[in-house]
1. Between a first residue in the range 141-162 that is part of a helix (DSSP H, G or I) and a second residue that is of a type in the set (A, V, I, L, M), which pairs have beta carbons less than 6 Å apart while being 6 or more apart in sequence or on different chains?
2. Return a yes/no flag: does the range 37-49 have any residue that is within 21 Å of Gly350 (Cα to Cα), touching a Lys or Arg at 6+ places or on another chain (Cβ under 8 Å) and within 16 Å of the ligand (Cβ to nearest atom).
3. Tell me, yes or no, whether the range 247-258 has at least one residue that is more than 10 Å from the ligand (Cβ to nearest atom) and in contact (Cβ under 8 Å) with a residue 40 or more places away in the chain.
4. Those residues that are at positive phi and without any contact (Cβ under 8 Å) to a residue 12 or more places away in the chain, I need them from the range 311-365; list them, please.
5. Taking Arg212 and the conditions (1) within 16 Å of the ligand (Cβ to nearest atom); (2) out of contact with any Ser or Thr (no Cβ under 9 Å at 6 or more places or on another chain), which numbered condition does it fall short on, given that it satisfies the others?
6. Going through Ile239, Ile230, Ile171 one at a time, which residue ends up being within 15 Å of the ligand (Cβ to nearest atom), free of Cβ contacts under 8 Å to residues at least 60 places away in the same chain and touching a strand residue (DSSP E or B) at 6+ places or on another chain (Cβ under 7 Å)?
Amino acid sequence: MNFTIIAGARPNFIKIAPIIHAIQQNNDREERDKIRFRLIHTGQHYDAKMSDTFFQELNIPEPSDNLGCGGGSQAEQTAAIMIAFERDLILHPADLVVVVGDVTSTLACSIVAKKQGIKVAHVEAGIRSYDLTMPEEINRMVTDSITDYFFTTSTTANGNLLKAGVAENNIFFVGNVMIDTLLANKQRFRQPPVWGEAGLQKQQYLVLTLHRPSNVDEGQKLMQLIDTIIANTHGLPIIFPIHPRTKSIFHALGVLPENLHIIDPLGYLEFNYLVQHSKAVVTDSGGITEETTVMGVPCLTLRNSTERPETVAIGTNELVGTQPEAIVEALGRLFAGNWKKGGIPELWDGKAADRIVDLLVRLHA
Ligand code: UDP
């Protein structure tokens, strides 16, 4: 068996790590068929803090190739990745291409593979926000329209795929690889320097992350969100590891409140230490709502929709939206000690990647 695994952006690295480790374990077992694999980094995220750090911390092997396709518009980047990956795949044919998540690389590489007659496995298939203003939603829908094997994180995702006409026997509810990484590394989380620098104490600060174009591309809107949060968090420190996309606009915003600590993006182990010990996380990320659910940390999502409804129905996440009144109300409940406790979704148990690799071995035997 000869697989090509694709990763391009920060959340991808966190998702491929357990899959690669499960393949390595499979190959260490004498009785098992061996899986040869090439890891392709598309170069979508190229900043060391958004890429290299994760390879080191999560023990991901050096990629076989880096396609160097960072930057550009949505179309430019999609096109660049497709051209480079087509060449790579012609030179190194595979039996299966494994894509994860919902980034531009996921979309571009699944199209290239399918057009070369190579099967595609999509990890985290079937999740839907049904908000087509999000580029990620388009990536999910297109990828799932040509995927062969659908590995899902929830029964809701299974339902979305069935509704779209996917054959039931190609859908495999395996759990959540992001949570595999979380549980495998929990003991290794470590305090970042900002802990001492900002004098942080457990449950006495908030973590903020924002990177969705709808929240960060307009300076005024971003500032309104931040002002509302600052005015309703009783002076607690707010730690804001800033995504490169958000950083570019921040420069233009002028003087910022003292308790807002803007720092570079953190590595995985430091970021999740901060999340684990925070009073709450305010975010527009998708993956972080899954991690806060499993760690039992209150999460306020500044979006109107989510592709991960189980984090709301079962977990600690709430879709607050972006209206100031709604943010004020939700923070009020948090500070009154009235946030829901939450539980853990089915099969988010740290073993999703083992299930995926077992299934792939069986399907390709
Ligand atoms: N993350 C990190 N450092 C940070 C911010 C986030 O390691 O400074 C991790 C976080 O723990 C999660 C992933 O990055 O695993 C989420 O990525 P992001 O929010 O960029 O993407 P999304 O999940 O929204 O696609």
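1. Val142/Leu107; Thr143/Leu107; Asp144/Ala125; Ala157/Ile127; Asn158/Ile171; Leu161/Ile171
2. Restricting attention to the range 37-49, the residues satisfying the condition of being within 21 Å of Gly350 (Cα to Cα) are none.
No, the conditions are met nowhere in the range 37-49.
3. Within the range 247-258, the first condition is being more than 10 Å from the ligand (Cβ to nearest atom), and the residues that meet it are 247-258.
From the residues that got through so far, the ones that are in contact (Cβ under 8 Å) with a residue 40 or more places away in the chain too are none.
So far as the range 247-258 goes, no, none of its residues is more than 10 Å from the ligand (Cβ to nearest atom) and in contact (Cβ under 8 Å) with a residue 40 or more places away in the chain.
4. Step one: of the range 311-365, the residues at positive phi are 321, 337, 342, 347, 350.
Across the range 311-365, the qualifying residue is only Gly337.
5. Of (1) within 16 Å of the ligand (Cβ to nearest atom); (2) out of contact with any Ser or Thr (no Cβ under 9 Å at 6 or more places or on another chain), only one is false for Arg212: (2).
6. On the way: Ile230 fails: within 15 Å of the ligand (Cβ to nearest atom); Ile171 fails: within 15 Å of the ligand (Cβ to nearest atom).
On inspection, the qualifying residue turns out to be Ile239.
Yes/no per residue for (1) at pLDDT 95 or above; (2) surrounded by fewer than 22 Cβ atoms within 10 Å (Cβ to Cβ); (3) in contact with a strand residue (DSSP E or B) (Cβ under 6 Å, 6 or more places away or on another chain); (4) part of a loop (DSSP other than H, G, I, E, B):
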{"residue": "Phe13", "(1), (2), (3), (4)": "yes, no, yes, no"}
{"residue": "His21", "(1), (2), (3), (4)": "yes, yes, no, no"}
{"residue": "Arg38", "(1), (2), (3), (4)": "yes, yes, yes, no"}
{"residue": "Gln44", "(1), (2), (3), (4)": "no, no, no, yes"}
{"residue": "Phe55", "(1), (2), (3), (4)": "yes, yes, no, no"}
{"residue": "Gly68", "(1), (2), (3), (4)": "yes, yes, no, yes"}
{"residue": "Gly71", "(1), (2), (3), (4)": "no, yes, no, yes"}
{"residue": "Ala75", "(1), (2), (3), (4)": "yes, yes, no, no"}
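The values are calculated or read from the model by the stated rules, or taken from the named source; none is laboratory data. Bear in mind that the values here come from a model prediction, so they are computed numbers and not experimental data. Every residue, glycine among them, receives a Cβ derived from its backbone with ideal geometry; neighbour counts consider all protein chains shown.
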